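Report on one structure; see the data block that follows.
The values are calculated or read from the model by the stated rules, or taken from the named source; none is laboratory data. Being a predicted model, the structure only gives us computed values, none of them experimental. Using ideal geometry, Cβ is built from the backbone for each residue, glycine included, and neighbour counts are taken over all protein chains shown. All accessible areas refer to the heavy atoms of the entire protein, side chains included, with ligands and DNA or RNA removed. Shrake-Rupley method; radii C 1.70, N 1.55, O 1.52, S 1.80 Å.
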Amino acid sequence: MSTPEDRFRVVAFFEAISYLLLLGVAMPLKYGFDYPMAVTVVGAIHGGLFVLYMLVVVYMIFAAGWRFQKVFLAGIASIIPFGPFIFDKRLVGDSKASTIAEQK
């Protein structure tokens, strides 16, 4: 985790996994099997990771020079299931393209 992008990717990964667990495991347990504690626990973990994700997005403005469009897309990606994974793929593509351009 040497670059700001690497740090962002780690936080985004865990935030995305927690969101999928909340939607795909905890909510069915609550509503299908009358086990509301699952949403309480997973929801709290996801809430903390979501706040951390948004803080890291703000960090990326200063550390990596993200512009409004990328910050906006990162915010939107955080509320869509699988969104951070899609955003990450785009981010990696942008980073590789800029690295190749810098080498030339």
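Assorted remarks:
- Only one of ILE61, ILE17, ILE45 that is farther than 25 Å from ARG90 by Cα and either in contact with a helix residue (DSSP H, G or I) (Cβ under 7 Å, 6 or more places away or on another chain) or surrounded by fewer than 18 Cβ atoms within 10 Å (Cβ to Cβ) (or both): ILE45
- Helices (runs of 4 or more DSSP H) fully within segment 1-64 counting 3 or more residues that are in contact (Cβ under 8 Å) with a residue 24 or more places away in the chain and in contact with a Pro (Cβ under 8 Å, 6 or more places away or on another chain): 4-21, 37-63
- Residue match in segment 65-75 (condition: under 12 Å from the mean Cα position of the chain (by Cα), open to solvent by 40 Å² or more (accessible area, probe 1.4 Å) and at pLDDT below 95): yes
- Note on segment 45-79: residues that are charged (D, E, K, R) and under 23 Å from MET27 (Cα atoms) amount to 0.
- All told, PHE8 falls short of being open to solvent by 50 Å² or more (accessible area, probe 1.4 Å), on the phi < 0 side of the Ramachandran plot and of a type in the set (Phe, Trp, Tyr).
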